[in-house]
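Reviewing the structure listed below.
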Amino acid sequence: MVAKSMEELVSLCKRRGFIFQSNDIYGGIKGLYDYGPMGVELKNNLKASWWKSMIYERDDVEGLDASILTAPDVLKHSGHEDTFSDPLVDCKSCKSRWREDQLEAKSCPNCKSKDLTDPRPFNLMFKTAIGPVDDGTSFVYLRPETAQQIFTNFKNVLTSTNKTIPFGIAQIGKSFRNEITPRNFIFRVREFEQMELEFFVEPGEDDSWHKYWIDSRYNWWIDQGIDKQNLELLNIEKSELSHYSKATVDIMYLFPHGKEELEGIANRTDFDLGSHTKNQEEFDIKAKVKKNDKSTTKLAIHNLENKTWTIPFVIEPSAGVDRGVLAILNEAYKEEKIDDNNMRIVLGLKPHLSPIKAAVIPLKKNNEEIVNEAKNIKNNLQKLGLGRVVLENSGNIGKSYRRHDEIGTPICITVDFETLDNKSVTVRDRDTMEQERLSSEELINYYNEYFN
Ligand code: GAP
């Protein structure tokens, strides 16, 4: 079952410390959110899972962490300065601004007036001054996607790692877009994170690699706990493709507000390396690129056998971390009947994504011996390095179970008087709510098996 409404998710996120409105105490800013103690763990776990599948479990992808502030030349040649805009209309009655493509019946969503200006392009990139003088000439952009600095680092990574195509460069990081109408909680925001892979391939092998990455990314989302029934692959119409793309397939997810894009997998051809390379005339660049006389570096691969230079094609799986978090929360959220009088909310997160792996709960809050034993168990489990373990010393077992059900903690471990005698503990499983008594050795084995 998926959450009934976005409101329920928003409420859980605030109540349990996943996500807060940013700048809240000063009234908040639309389209900006802060991840709280549980949110940051969930988000880090999702990113770690992506990094593991992209880099550690493969031999043909390397990582990168490039700067956010980006030179205007990069975003000129990427096409963003010219084309990264939304059509914007102003309502002449109430002075509000809207994206033209999001208006229903061509009327203002705020006051319903039909007295709107003609649409005009509104560039979504944030600019900021750089250096000591702020006279409008020395500026940089906050990157609108993580991809571009992967392309500008192509040669650095290639030569420092001795890779050859097919190979990829992966990056996770913040991107910024001045969205006109941020909405639907963390779905469309102005500051967000992306997990992007640029996978460089031989021209001619691009179509089969594109298919490979569509399948691989679809299956990865299922491994994160997303039900197949809520996913769909959407072939983007030729007329809707971005300026760099030959073909794009979006992985669509049924969010609480409707079915929308979770990740896009694009065949970017040789557009990017062809746009950023020096000596463009030396190559047979297939994409339509702007003349570049500023680049200092050849972004091509040298074929030692036939002594030719090729600009690889690029397949790009590009996923939003925040949209991933929203989809995963939505999938995991369940309301369950415990008995005739009681319900519980439980987040059935996959264990590798749970913010807290185990909560160790002393039966008596003020019993020093029990609390110290609980602290020892917590420290021993924490040392195994499988994620965060907490000591939950509220003194109220029922309340602790409720809290940990709602944040998706797979295991609660209760320490009681019997523990002092023989070191055994009670372990409660989040999903079945069943409890069993385990010795200290059994607990370590159980825990290791659960998370490995
Ligand atoms: N490098 C390609 C690229 O950036 P995109 O479709 O514009 O393509 C990729 O963005 C992913 O980034 C989307 O599938 C989405 O998950 C996420 N994303 C894009 N804009 C976003 C926004 N305003 N808020 C949250 N996530 C966003």
Share of carbon and sulfur in the accessible heavy-atom surface of segment 145-253 [1.4 Å probe, %]: 43
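Please state, as a whole number in µm²/s, the translational diffusion coefficient that the Stokes-Einstein equation yields for segment 68-169 at 25 °C and 0.890 mPa s, with Rh defined as the Kirkwood radius across alpha carbon pairs.
Value of D from the Cα-based Kirkwood radius: 146 µm²/s.
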Additional length obtainable on full extension of the chain from Lys375 to Ser239, 0.36 nm per residue less Cα span: 42.9 nm
Structure-based [θ]222 nm, the chain - -39500 (n - 2.57) summed over DSSP H runs of at least 4, per residue, nearest 500: -8500 deg cm²/dmol
Only Lys, Arg (+1) and Asp, Glu (-1) charged, at Cβ; segment 80-133 dipole about Cα centre in debye: 300
Accessible area per residue in Å² at 1.4 Å probe, computed on segment 382-425: 43
Whole-number D in µm² s⁻¹ for segment 1-134, Kirkwood Cα-pair radius fed into Stokes-Einstein, 25 °C, 0.890 mPa s: 125
Segment 164-275: mean projected area of Cα convex hull, nm²: 8.3
Chymotrypsin sites (Phe, Trp or Tyr not before Pro) restricted to segment 294-369 and DSSP loop, no more than 11 other C-beta within 10 Å: none
Rounded percent of accessible protein surface that carbon and sulfur make up, segment 313-452, 1.4 Å probe: 43
Gap separating the Cα centres of segment 287-359 and segment 161-193, nearest whole Å: 9
Listed residues Leu231, Leu262, Val249: farthest to the positive end of the dipole of segment 225-267 (Cβ charges): Val249
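List the relative contact order of segment 301-452 as a percent without decimals, with contacts defined as Cα pairs under 8 Å and 6+ residues apart.
Across segment 301-452, relative contact order equals 20 percent.
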10 Å binning of all Cα-Cα separations within segment 110-181, expressed as whole percents from 0 upward: 14, 27, 27, 20, 8, 4, 0
Surface accessible to a 1.4 Å probe, per residue, for the residues of segment 234-360, Å²: 44
Approximate shape of segment 297-358 as ellipsoid semi-axes (Cα gyration tensor, √5λ), whole Å, largest first: 52, 11, 9
Net dipole in debye of the chain [+1 Lys, Arg Cβ; -1 Asp, Glu Cβ; about Cα centre; nearest 20]: 1180
Given charges at Cβ of Lys, Arg, Asp, Glu: the chain dipole, positive-most of Met195, Thr83, Leu273: Thr83
Over 27 Å between alpha carbons, listed pairs Lys43/Lys155; Lys47/Lys294; Lys47/Lys228; Lys95/Lys259; Lys174/Lys238: Lys43/Lys155; Lys47/Lys294; Lys95/Lys259; Lys174/Lys238
Spatially proximal lysines relative to Lys365 (Cα-Cα < 17 Å; intrachain offsets below 8 disregarded): Lys375, Lys378, Lys399
Top positive-direction residue, dipole computed over the chain with Cβ charges, set Gly27, Asn153, Ile361: Gly27
Two-decimal Rg to Rh for segment 205-356 - Kirkwood Rh, Cα set: 1.16
Cα-based reach from Lys364 at 16 Å (exclusive), listing aspartates and glutamates while leaving out same-chain residues under 8 positions away: Glu373, Glu392, Asp416, Glu418, Asp421
Ranked by how many other beta carbons lie within 10 Å on average, peptides 271-278, 91-98 from highest: 271-278, 91-98
Gyration tensor (alpha-carbon) shape descriptor, segment 347-405, a/c threshold 1.5: oblate
Cysteines, the chain, no other Cys beta-carbon under 4.7 Å: Cys13, Cys412
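Looking at the P(r) of the chain, how many percent of alpha-carbon pairs lie beyond 31 Å?
Looking at the chain, the distances longer than 31 Å represent 51 percent of pairs.
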Gain on full stretching of the segment that runs from Glu282 to Glu335 - 0.36 nm per residue minus C-alpha separation: 12.9 nm
More than 22 Å apart - percent of Cα-Cα pairs taken over segment 292-406: 61
Accessible area per residue in Å² at 1.4 Å probe, computed on segment 63-110: 52
Magnitude of the charge dipole, segment 239-366, Cβ model with Lys/Arg +1 and Asp/Glu -1, debye to 20: 480
In Å, descending, principal axis extents of the Cα set of segment 193-241: 35, 25, 24
5 Å-binned pair-distance histogram of segment 142-222 (Cα, whole percent): 3, 12, 18, 18, 19, 16, 9, 5, 1
For Phe185, distant residues with modelled amide H under 5 Å away: none
Spacing of the two label points (7 Å from each Cα toward its C-beta) at Thr83 and Ala66, in nm: 1.8
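Take every Cα pair under 8 Å in the chain that's 6+ residues apart, average their separations, divide by the length, and report that relative contact order as a whole percent.
Reported as a whole number, the value is 14 percent.
The values are calculated or read from the model by the stated rules, or taken from the named source; none is laboratory data. Model, not experiment: these values are computed from the prediction. Here Cβ is always computed from backbone atoms with ideal geometry, including for glycine, and neighbour counts include all displayed protein chains. Side chains are part of the model used for accessible areas, which takes the heavy atoms of the whole protein and leaves out ligands, DNA and RNA. Shrake-Rupley method; radii C 1.70, N 1.55, O 1.52, S 1.80 Å.
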